[in-house]
């Protein structure tokens, strides 16, 4: 059996980490595999940077095509990011019969069916442990360790930027905008943070997990996604008073016997006793509930050079073992196809408890009017906090938590309440998980 | 390729769970593997019980030899427990060329080298995910997901009985003996709880993990093991006052450049901010620190019918895929051999912070005398709590926490202090982790 030869395209943050680990663990990998596995070619636009990395005998190039067209390379690692050039790199590599490893969640979430169909056609495989939860073994746990389970639900805190911002807001009682600025200054948020703070990144990862646990295809564009930009210091304070912590969660649930899946990304008030409530800062966590094993929590660094590289390297060794044994389709991905599309619940089917914060005039009868709109729709109120007006403030917050309700009924009630003369501005609506 | 045929020996709690999952997921496994995988024979002394399980077409027998001698069976699952008959079953199965799956931590910890040597000789393999942490994928995470990492340290809460008892003592301020009795009544402790409460079970699992992370053999008999039987309500209360929680931990650490490994099982005062401090009740957790990935925490049910069966089934599917591809030595275990024995640190090399509780006469000069013995040995005192005497009590507790100290120096100091006329009874010594 010949050596396993790897081509790396993109030696940015994560790619640099992969070069370092492959260099450091070279002898161990060879011993464990029983054959050499090495980086043969590395492509990056910044050739000067490559000179600073322990590239060993790898041939460095500025042109990705040099990697893709090398017939000796078995595995191509795509660490470019984005989904234009990166998509071409992955498709062209697959068409050359190579196996592909990527950390690109947007690419998998948006073009998964096309990519996996191409892999199947040309006898290759695609591996993406690093795409979901960085260094945490979430894909391996779902697809291998929990294979004997029907997974009932998944709750993820899987975007470090959002979790950092919410943790800071909670600890300091700070508002969103200055906390984001501080996170940017410290390097915990991108210069353009939209994909993180608007929930898209969490959505990509959540759509991938939903596809894997239900052996189907979850179309990211159909997943309701709401980020953290509308969370205010008032909400953070109310959450504390109620015994909750606000987190941005990816939620996946399916009830026994139902076909439609509740897949969504939104801020959630988690009861302080909930194990995810104590996942703070840039850390990520995935809470999986299996019918046999019960809850399994994975916790770790969801991003960063070395944690993400650690996941890429675990894929490298898995693929190398598959190539060695000839079983490159060891864990099939055929289900990740358009014809297996999952049905995603709309808000007329999503059931949850809710937190609502209204701004209303401080006058008699307001609470009765609000309660009436809930009552009409059979939504039961669990708690009410009606605060005193501050000096010079015409409007006071009324905070209501509900029992389980259908989200569309709840939003109907809010529309009706907002139409009344006594309400002021937009009502905050946040899901509650106990 | 023929079917994968499995023989199950021992259909007790975990074995019953395996039968149920293999029955429920039969069609899915066949689709995922591309060939049938089924329970062909089941052996248990209690044939009546087997009639209550969904055994499908499996041939039921009261004799383990019927399973071991069936030439069509590829995989034998040993779920008998103990290490006399169970050891024979495993060795005889390996000698017949079968692959073995077991949940038996005592067997692996005590006889690992002999078992793995036999597997190698006869071309078989041994899998034991269920032996360490029940349903949590600890072995898979260490050996596959973290393969690119040097693992710096491991902290485990891996015995549900001990963690349940310590959690109850902490929440209720209760003493050890009645809490154990209540745990027995509720089914969270065995009628003979020695292996759990004296730390042996945690020790077996910790020795296995140490072997895996250092690619060597950790001899369980050389691991310092101390259980929770001496933890008193007073210690629990002191821990709370100091901002700590007492947990029984398996600890594995090795410093860069050192050969000897700090492997031990002992109660530890964990700072309340430590992520393991909030692992409560019967739940287990493994905190792994990799040089690349940083901390990874796994949390889940460490025991019980279905969680443990879930781990056994994940091994079944892994082994079935290995058999299908012909690579039954996919993840080598050759290092688990006597000639690769790890050097384990003695207490003259173990460094830790410590909590000490002395019972002393309440008279002048006592504290100075105690402090002098520490000073002589260069042990620096971090905090002192000297409580007032209660009515009618001649002795008062003096609680001291130290900075980092060599354990043997600390124990010397304690011996010297206990020799003084003012001390009464045995001093409590508990490691501290911040």
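The values are calculated or read from the model by the stated rules, or taken from the named source; none is laboratory data. Note that the coordinates shown come from a computational prediction; the quantities given were computed from them, not determined experimentally. Reconstructed Cβ throughout: ideal geometry from the backbone, glycine too, with neighbour counts over all protein chains shown.
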Practice item. Taking the options B:229, B:245, name whichever one is part of a loop (DSSP other than H, G, I, E, B) and in contact (Cβ under 8 Å) with a residue 12 or more places away in the chain. Key: B:229
Exercise for review: Please determine, by comparing only the residues of region A:181-196 that are surrounded by fewer than 24 Cβ atoms within 10 Å (Cβ to Cβ) and in contact with a helix residue (DSSP H, G or I) (Cβ under 6 Å, 6 or more places away or on another chain), which one is nearest to residue A:305 (Cα to Cα).
Suggested key: A:188
Review point. Any chance region B:348-366 includes a residue that's in contact with a helix residue (DSSP H, G or I) (Cβ under 6 Å, 6 or more places away or on another chain), more than 13 Å from residue B:400 (Cβ to Cβ) and either touching a residue at least 24 places away in the same chain (Cβ under 8 Å) or not in a helix (DSSP H, G or I) (or both)?
Key: yes
Exercise for review: Identify, by number, the condition in (1) at pLDDT below 95; (2) under 28 Å from residue A:262 (Cα atoms) that residue A:225 doesn't meet.
Suggested key: (1)
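Yes or no, residue by residue, for (1) under 18 Å from residue A:140 (Cα atoms); (2) in contact (Cβ under 8 Å) with a residue 12 or more places away in the chain; (3) not in a loop (DSSP other than H, G, I, E, B):
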{"position": "A:270", "(1), (2), (3)": "no, yes, yes"}
{"position": "A:289", "(1), (2), (3)": "yes, yes, yes"}
{"position": "A:296", "(1), (2), (3)": "yes, yes, yes"}
{"position": "A:303", "(1), (2), (3)": "yes, yes, no"}
{"position": "A:306", "(1), (2), (3)": "no, yes, yes"}
Point to revise | Residues of region B:104-128 that turn out to be in contact with a strand residue (DSSP E or B) (Cβ under 8 Å, 6 or more places away or on another chain) and either farther than 24 Å from residue B:143 by Cα or in contact (Cβ under 8 Å) with a residue 60 or more places away in the chain (or both), as a count | key: 10
Practice item. Working only within region B:27-45, note down all residues that are farther than 22 Å from residue B:100 by Cα and under 31 Å from the mean Cα position of the chain (by Cα). Key: none
Point to revise | When residues of region A:260-296 are limited to those that are crowded, with 22+ Cβ neighbours inside 10 Å and over 28 Å from residue A:230 (Cβ atoms), the one farthest from the other protein chains (Cβ to nearest Cβ) | key: A:288
Practice item. Just give me the residues in region B:116-128 being within 14 Å of another protein chain (Cβ to nearest Cβ) and either within 15 Å of residue B:202 (Cα to Cα) or in a loop (DSSP other than H, G, I, E, B) (or both), in sequence order. Key: B:125, B:128
**Study point:** Condition check for residue B:276: within 30 Å of residue B:399 (Cβ to Cβ), in a helix (DSSP H, G or I) and either outside the structural domain of residue B:214 (by TED's automatic domain parsing) or within 17 Å of the chain's Cα centre (by Cα) (or both)
**Key:** yes
Exercise for review: Give region A:297-325 a look and list any residue that's more than 10 Å from chain B (Cβ to nearest Cβ) and either over 20 Å from the mean Cα position of the chain (by Cα) or surrounded by fewer than 24 Cβ atoms within 10 Å (Cβ to Cβ) (or both), or say none.
Suggested key: A:303, A:319, A:320, A:323
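The rows are residues; the columns are (1) under 20 Å from the mean Cα position of the chain (by Cα); (2) in a helix (DSSP H, G or I); (3) surrounded by fewer than 23 Cβ atoms within 10 Å (Cβ to Cβ); (4) more than 14 Å from chain A (Cβ to nearest Cβ).
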{"position": "B:48", "(1), (2), (3), (4)": "no, yes, yes, yes"}
{"position": "B:56", "(1), (2), (3), (4)": "no, no, yes, yes"}
{"position": "B:83", "(1), (2), (3), (4)": "yes, no, yes, yes"}
{"position": "B:111", "(1), (2), (3), (4)": "yes, yes, yes, yes"}
{"position": "B:114", "(1), (2), (3), (4)": "no, yes, yes, yes"}
{"position": "B:144", "(1), (2), (3), (4)": "yes, yes, yes, no"}
Practice item. Please verify whether region B:202-214 includes one or more residues that are farther than 23 Å from residue B:260 by Cβ and in a loop (DSSP other than H, G, I, E, B). Key: no
Review point. Quick check: anything in region A:86-101 within 14 Å of chain B (Cβ to nearest Cβ), without any contact (Cβ under 8 Å) to a residue 40 or more places away in the chain and assigned to a loop (DSSP other than H, G, I, E, B)?
Key: no
**Study point:** Selection status of residue B:288, within 15 Å of the chain's Cα centre (by Cα) and closer than 24 Å to residue A:33 by Cα
**Key:** yes
Study note, to complete from the structure: Of (1) within 16 Å of residue B:103 (Cβ to Cβ); (2) within 11 Å of another protein chain (Cβ to nearest Cβ); (3) surrounded by fewer than 22 Cβ atoms within 10 Å (Cβ to Cβ), residue B:24 fails just (1)
Point to revise | Which numbered condition residue A:211 misses (of (1) surrounded by fewer than 19 Cβ atoms within 10 Å (Cβ to Cβ); (2) at pLDDT 95 or above; (3) more than 14 Å from every other protein chain (Cβ to nearest Cβ)) | key: (1)
Review point. Restricting attention to region A:331-343, and to residues there that are in contact (Cβ under 8 Å) with a residue 24 or more places away in the chain and part of a loop (DSSP other than H, G, I, E, B), which single residue is nearest to the other protein chains (Cβ to nearest Cβ)?
Key: A:331
Check your understanding: Are there any pairs with C-beta distances below 6 angstrom linking a residue in region B:164-179 that is over 16 Å from residue B:278 (Cα atoms) to a residue that is part of a helix (DSSP H, G or I), with the two at least 6 apart or on different chains, and if so which?
Key -> B:173/B:233; B:175/B:233; B:179/B:165; B:179/B:168; B:179/B:169
**Study point:** Flag for residue A:203 being closer than 24 Å to residue A:140 by Cα, outside the structural domain of residue A:130 (by TED's automatic domain parsing), in contact with a helix residue (DSSP H, G or I) (Cβ under 9 Å, 6 or more places away or on another chain) and crowded, with 24+ Cβ neighbours inside 10 Å
**Key:** yes
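Yes/no matrix, rows are residues, columns are (1) out of contact with any strand residue (DSSP E or B) (no Cβ under 6 Å at 6 or more places or on another chain); (2) on the phi > 0 side of the Ramachandran plot; (3) at pLDDT below 95:
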position	(1), (2), (3)
A:294	no, yes, no
A:319	no, no, no
A:322	yes, no, no
A:327	yes, no, yes
A:340	no, no, no
A:344	no, no, no
Revision key, fill the gap. By residue number, the members of region A:416-434 that are under 18 Å from residue A:350 (Cα atoms) and not in a strand (DSSP E or B) are A:434
Exercise for review: State all residues of region B:5-20 that are within 12 Å of residue B:306 (Cα to Cα) and under 25 Å from the mean Cα position of the chain (by Cα); if no residue qualifies, say none.
Suggested key: B:12, B:13, B:14, B:15, B:16, B:17, B:18
Exercise for review: Would you mind telling me which numbered condition in (1) in contact with a helix residue (DSSP H, G or I) (Cβ under 8 Å, 6 or more places away or on another chain); (2) under 26 Å from residue B:293 (Cα atoms); (3) in a helix (DSSP H, G or I) residue A:167 fails?
Suggested key: (1)
Review point. Is it true that some residue in region B:389-399 is farther than 22 Å from residue B:224 by Cβ, assigned to a helix (DSSP H, G or I) and not assigned by TED's automatic domain parsing to the domain that holds residue B:127?
Key: no
